[in-house]
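**Q** Encoded as structure tokens, here's the structure I'll be asking about.
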Amino acid sequence: MKRLLAAAGAGVLLVVAASVLPDPLAADYAAILAPPSPAHPLGTDQLGRDVAARLLAGARLTLGLTVATLLVTSVTGTVAGMTAAMIGGPLGRTVPRIADLLAALPTILVGLIAAAVLGPGLPSILAAVCAVGWTPFARQAYHLTIAEKTREYVIAARSLGAGPVHVIVREIAPNIGGPLFAHLLLRFAGTLLTVSGLSFLGLGVQPPDPEWGAMVAEGRNHLFDAPHLVLAPAAAVVLTATLAVVASSSWRTRGRGSRR
């Protein structure tokens with residue numbers, strides 16, 4: 001309950017801040033590269049746009065893309081891994097083998113290929129991250145399901161006539177949900193860095209739309225005369241990724257799911 005209240009409070013603060021801060025796309029040529037001040041808490045960029053407003057607006061794109069790709073990759077990978085483990089045999093082992101093969105491909109390389117085919121933008125990011133991002137979920141779900149399917153409660157359910165879908169949904173999934181969710185939180189950090197990295201390289205969100213990685217790329221030419229242009233979005237990425245890793249570690253220490 002305390003965590004829900006904290007999250008709700010943070011959401012309210014973000015909404016209030018978004019209503020108070022200026023338009024993130026509004027240029028003010030009289031305040032170009034202004035340092036942090038009461039009028040501009042994080043300063044302004046090379047076009048006089050408020051960095052704090054752009055950082056908050058960029059959170060919607062950066063975190064929204066991260067969450068969207070995680071939902072797609074986690075569901076796809078988990079279903080594929082659990083299904084392959086239940087099928088078993090040579091056919092079932094093809095899924096982890098394909099996952100191992102795709103996991104060897106750097107996401108940045110896949111992003112370059114996607115940008116060459118689709119052009120820079122959101123479709124390139126989604127295609128690159130989703131093409132590779134499902135593999136760790138598939139491998140973990142596969143190995144966890146292999147370990148659970150030989151336990152007594154699964155054998156008992158099968159002996160009572162339970163079908164594969166019932167066994168997966170009602171028996172195995174609740175017992176491997178803890179490790180899978182902890183892995184999801186851990187992958188959040190990696191996915192966030194990938195999304196920001198692709199935008200930093202110019203393969204993702206295009207100017208003038210604010211995105212944390214793109215903001216770092218735009219501000220790197222002013223690293224010495226206006227370091228706040230790089231430090232603010234970079235700190236947002238690092239802090240968010242760190243919080244996700246800490247949350248993953250905290251979840252792991254609480255237990256790895258209920259055991260029957």
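Values in this text are rule-based calculations from the coordinates and carry no lab data. Just so it is clear, the model here is predicted, and its values are computed rather than measured. Cβ atoms come from the backbone with ideal geometry, glycine included; neighbour counts cover every protein chain shown.
**Q** Can you check what the net charge comes to around SER74, using other residues whose Cβ is under 14 Å from the Cβ of SER74 (Lys, Arg +1; Asp, Glu -1)?
**A** +2
**Q** Report the full-extension gain for the segment ARG220 to ASP100: residue separation times 0.36 nm, less the Cα-Cα distance, to one decimal in nm.
**A** Roughly 39.6 nm would be gained on extension.
**Q** Let me ask another. In whole angstrom, and with the biggest value first, how far do the Cα coordinates of region 31-78 range along each principal axis?
**A** Extents along the principal axes, in whole Å: 49, 18, 10.
**Q** Peptides 79-88, 114-123: what's the order by average Cβ count within 10 Å, highest mean first?
**A** 79-88, 114-123
**Q** Now, a different point. Tally Lys/Arg at +1 and Asp/Glu at -1 over every other residue whose Cβ is under 11 Å from the Cβ of GLU211; what's the total?
**A** Taking every Cβ under 11 Å from that of GLU211, the sum is 0.
**Q** Would you mind calculating the gained length between LEU118 and ALA39 on full extension (0.36 nm times residue separation, minus the Cα-Cα distance), in nm to one decimal?
**A** Result for the pair: 24.4 nm of gain on full extension.
**Q** Counting each DSSP H run of 4 or more residues in the chain as -39500 (n - 2.57), what helix-only mean residue ellipticity at 222 nm follows after dividing by all residues, to the nearest 500 deg cm²/dmol?
**A** -24000 deg cm²/dmol
**Q** With springs only between Cα atoms under 10 Å apart, run a GNM on the chain and tell me which of VAL165, VAL75, VAL246 wobbles the most.
**A** In this elastic network of the chain, the residue with the biggest mean-square fluctuation among VAL165, VAL75, VAL246 is VAL165.
**Q** Report, as a whole number in µm² per second, the diffusion coefficient that Stokes-Einstein gives for the chain at 10 °C and 1.306 mPa s using the Kirkwood radius over alpha carbon pairs.
**A** After rounding, the answer is 78 µm²/s.
**Q** Still on this structure, I have one more. For region 127-137, what does the Karplus curve 6.51 cos²θ - 1.76 cosθ + 1.60, with θ = phi - 60°, yield as ³J(HN,Hα) per residue in whole Hz, taken in order and with x for Gly and Pro?
**A** Karplus values, whole Hz, x for Gly and Pro: 5, 5, 5, 5, 5, 10, x, 6, 5, x, 5.
**Q** Over region 115-260, what per residue volume does the convex hull of the Cα atoms give, in whole Å³?
**A** 121 Å³
**Q** Could you run the Karplus curve 6.51 cos²θ - 1.76 cosθ + 1.60 with θ = phi - 60° over region 81-91 and give me ³J(HN,Hα) per residue in whole Hz, x for Gly and Pro?
**A** x, 5, 5, 4, 5, 6, 5, x, x, x, 5
**Q** Of the candidates ALA57, ALA235, ALA244, which one comes out as most mobile in a Gaussian network treatment of the chain with C-alpha springs shorter than 10 Å?
**A** Checking each option, the largest mean-square fluctuation is seen for ALA235.
**Q** Another question, then. Quick one: what are the phi-derived ³J(HN,Hα) couplings along region 142-153, Karplus 6.51/-1.76/1.60 with θ = phi - 60°, whole Hz, x for glycine and proline?
**A** These are the phi-based 3J(HN,Hα) values: 5, 5, 5, 5, 4, 6, 7, 5, 9, 7, 4, 5 Hz.
**Q** Name the residue, out of LEU180, LEU112, LEU239, whose mean-square fluctuation peaks in a Gaussian network model built on the chain with Cα pairs under 10 Å.
**A** Largest GNM mean-square fluctuation: LEU239.
**Q** With no solvent and one equal point scatterer per Cα, compute the Debye intensity ratio I(q)/I(0) for region 187-226 at 0.30 Å⁻¹ and report its log10, rounded to two decimals.
**A** -0.93
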